[in-house]
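Notes to accompany the following structure.
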Amino acid sequence: RTVDEVLSNIRNLLNDLGSEQVAVELVANGDAVIIYLPALSIYAERIRLLAQQGVRFVACNNSLRYMNLEREDLLDGVEIVPSAVGELTRQQAEGWAYIRP
């Protein structure tokens, strides 16, 4: 799926269930972390609006290191986790649903 579809799915989920009823986190790893680069992201405004509704945007630190990117290179509000796989595993262990794009 494309980033556009993923962001639309998040918006649709929030519209359906309400941001007060569901926690949403988008974990980007590998080449996908480029969606968080202000200069390259055509999705920056949509990400900002979803973040205002409580969506957490997360980047994999392993991927950032591989791509020679730093925290300062990312959109404001993007959080960094040590690894995407670790983050997804922790979230699933806590009962989160994993919806793969």
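The values are calculated or read from the model by the stated rules, or taken from the named source; none is laboratory data. This structure is a prediction, so every number in the text was calculated from the model and none was measured. Reconstructed Cβ throughout: ideal geometry from the backbone, glycine too, with neighbour counts over all protein chains shown. Keep in mind that these areas ignore ligands, DNA and RNA; they rest on the heavy atoms of the full protein, side chains included. Shrake-Rupley method; radii C 1.70, N 1.55, O 1.52, S 1.80 Å.
Of everything in the stretch 65-84 that is without any contact (Cβ under 8 Å) to a residue 40 or more places away in the chain, assigned to a helix (DSSP H, G or I) and out of contact with any Phe, Trp or Tyr (no Cβ under 9 Å at 6 or more places or on another chain), the residue that is surrounded by the fewest Cβ atoms within 10 Å (Cβ to Cβ) is Glu72.
Ile99 fulfils the conditions (1) open to solvent by 40 Å² or more (accessible area, probe 1.4 Å); (2) free of Cβ contacts under 8 Å to residues at least 40 places away in the same chain except for a single criterion, (2). Within the stretch 12-31, being within 18 Å of Asp73 (Cβ to Cβ) and touching a strand residue (DSSP E or B) at 6+ places or on another chain (Cβ under 9 Å) holds for Leu26, Val27, Ala28, Asn29, Gly30. For Gly54, are the conditions met, namely being in contact (Cβ under 8 Å) with a residue 12 or more places away in the chain, out of contact with any helix residue (DSSP H, G or I) (no Cβ under 7 Å at 6 or more places or on another chain) and open to solvent by less than 60 Å² (accessible area, probe 1.4 Å)? Taking the combined requirement at face value, the residue satisfies it.
Among the residues of the stretch 1-46, none is identified as open to solvent by 70 Å² or more (accessible area, probe 1.4 Å), in a loop (DSSP other than H, G, I, E, B), aliphatic (A, V, I, L, M) and under 16 Å from Ile99 (Cβ atoms).
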